[in-house]
Amino acid sequence: MGTWGMGHFDSDAAADFAGSLDDAPSDKRESVIREALTFVVGTGPEEYLDADGAVLAVASAALLAAQRQGGTPVDTAYGPDEPLPRFAPDLGPLAVLALDRVVADESELRELWADVGQDEQWRAGVLALREVLARGAGGAQGAGEQEAG
């Protein structure tokens with residue numbers, strides 16, 4: 001895993017994912033997010049979740065959380081450059097389930113952060129996203145017009 005920081009887009013996989021969002025037609029960007037989250041949620045609790053799938057789920061959750069009250073805008077150079085749609089409210093609960101899976105025991109991404117002694121800090125960042133998304137769809141910020149880049 002090519003990772004240079006703890007930000008949700010500070011890895012090769014997340015930066016490539018942002019590029020795939022930019023390359024997708026604007027009406028298909030939500031589908032790209034949904035697919036990343038659905039893949040992780042569909043990985044059984046006893047199955048080993050690979051790091052790349054987990055990274056895409058975290059990046060997706062960061063983009064969703066950016067549209068929620070209390071969410072942090074995605075303003076890294078490694079995030080998407082193209083405007084994102086206002087995401088459907090049902091993606092929030094899906095993202096919460098995905099993040100729960102990402103921090104679970106059978107997660108390679110969690111193990112990789114533990115191997116370098118930064119799992120608690122990483123987990124705190126993931127759980128902060130989860131908290132924003134778990135609050136529900138109320139109070140969306142209007143980031144649908146915001147460029148996440």
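The values are calculated or read from the model by the stated rules, or taken from the named source; none is laboratory data. These numbers come from a predicted model, not from an experiment. When we count neighbours, we look across all protein chains shown, and the Cβ atoms used for this are built from the backbone with ideal geometry, even at glycine.
A few remarks follow.
- Residue-level analysis places D27 among those that are in contact (Cβ under 8 Å) with a residue 24 or more places away in the chain, more than 17 Å from E108 (Cα to Cα) and not basic (K, R).
- Matching residues in the range 84-96 - criterion: being surrounded by fewer than 17 Cβ atoms within 10 Å (Cβ to Cβ) and touching a helix residue (DSSP H, G or I) at 6+ places or on another chain (Cβ under 7 Å): P85, R86, A88
- Total residues in the range 67-97, condition among the aliphatic types (A, V, I, L, M) and either over 11 Å from L133 (Cα atoms) or touching a His at 6+ places or on another chain (Cβ under 7 Å) (or both): 4
- Figure legend. Inter-residue proximity from the range 31-44: first residues at negative phi and small (G, A, S), second residues modelled with pLDDT of 95 or more and buried (at least 16 other Cβ atoms within 10 Å of the Cβ), beta-carbon distance below 9 Å, spacing 6+ or different chains. Indicated pairs: S31/A24; A36/F17; A36/G53; A36/L56; A36/A57; A36/A59; A36/S60; A36/A98.
- Within the range 63-99, the residues that satisfy the criterion of being touching a Leu at 6+ places or on another chain (Cβ under 7 Å) and part of a helix (DSSP H, G or I) are L63, L64, A65, L91, G92, L94, A95, V96, A98, L99.
- Each residue in the range 100-127 was checked for being touching a residue at least 40 places away in the same chain (Cβ under 8 Å), more than 16 Å from G53 (Cβ to Cβ) and not in a helix (DSSP H, G or I), and 1 of them qualify.
- Residue in the range 60-78 that is among the acidic types (D, E) and out of contact with any helix residue (DSSP H, G or I) (no Cβ under 9 Å at 6 or more places or on another chain) present: yes
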